[in-house]
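The values are calculated or read from the model by the stated rules, or taken from the named source; none is laboratory data. Source: prediction; values computed, not measured. Here the Cβ is made from the backbone with ideal geometry for all residues, glycine too, and neighbour counts use every protein chain on show.
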Amino acid sequence: MNAERFLLDVNILVALFDPAHTHHRIVARWFSSPGLQWGVCPFTEAGFLRIITSTPPGRRTLEQATNIVRSFSNDPNFTYWSMRTSWTSLVAPFAGRLYGHQQVTDAYLLGLAIEENGVLVTLDRGLKHLAGPQYSKNLLVLE
């Protein structure tokens, strides 16, 4: 049986690398699971860089933040998730549950996790509605 592969949402990455973040402990505890197969995609990588370089108190320089992202590949359990499929194709299975512009990136990430038979890890409870019962196995909301 293959281990689950987890795609980290931006909010998970920010909480993980910002010790002052409200959810740092819960995310760090989950992330420390032995053998955890995890990864990022271009959206989560860019979103992390954007937020961690602009938001106090965990603000980092772009160079520091880029070094963090670069260090991901040093982890043998890390996988880079490529984006090869159109947004419309990835969100088609649950498009009827989309209700606004703020879900555009979330929908793509969930669709990517579904396509790759993985699990999107997030702090955003609103994604439970988007996944619905059919795709709940492709979503993990840390609470």
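In table form, for the structure just shown:
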{"item": "Verdict on Ser71 being under 19 Å from Val141 (Cα atoms) and modelled with pLDDT of 95 or more", "result": "no"}
{"item": "Those residues of the stretch 13-33 which are touching a residue at least 40 places away in the same chain (Cβ under 8 Å), part of a loop (DSSP other than H, G, I, E, B) and aliphatic (A, V, I, L, M), in sequence order", "result": "none"}
{"item": "In the stretch 97-140, residue farthest from Glu45 (Cα to Cα) [restricted to those that are at pLDDT 95 or above and aromatic (Phe, Trp, Tyr)]", "result": "Tyr135"}
{"item": "Test: residue in the stretch 34-47 that is at pLDDT 95 or above, buried (at least 16 other Cβ atoms within 10 Å of the Cβ), of a type in the set (S, T, N, Q) and in a helix (DSSP H, G or I)", "result": "yes"}
{"item": "Looking only at the stretch 9-27, and only at residues there that are in contact with a helix residue (DSSP H, G or I) (Cβ under 6 Å, 6 or more places away or on another chain) and farther than 20 Å from Leu62 by Cα, the one that is surrounded by the most Cβ atoms within 10 Å (Cβ to Cβ)", "result": "Val27"}
{"item": "Condition check for Arg60: charged (D, E, K, R) and closer than 28 Å to Pro19 by Cβ", "result": "yes"}
{"item": "The stretch 89-124: number of residues that are touching a helix residue (DSSP H, G or I) at 6+ places or on another chain (Cβ under 8 Å) and more than 16 Å from Tyr135 (Cβ to Cβ)", "result": "3"}
{"item": "Given (1) closer than 16 Å to Leu16 by Cα; (2) without any contact (Cβ under 8 Å) to a residue 12 or more places away in the chain, index of the condition Tyr99 fails", "result": "(1)"}
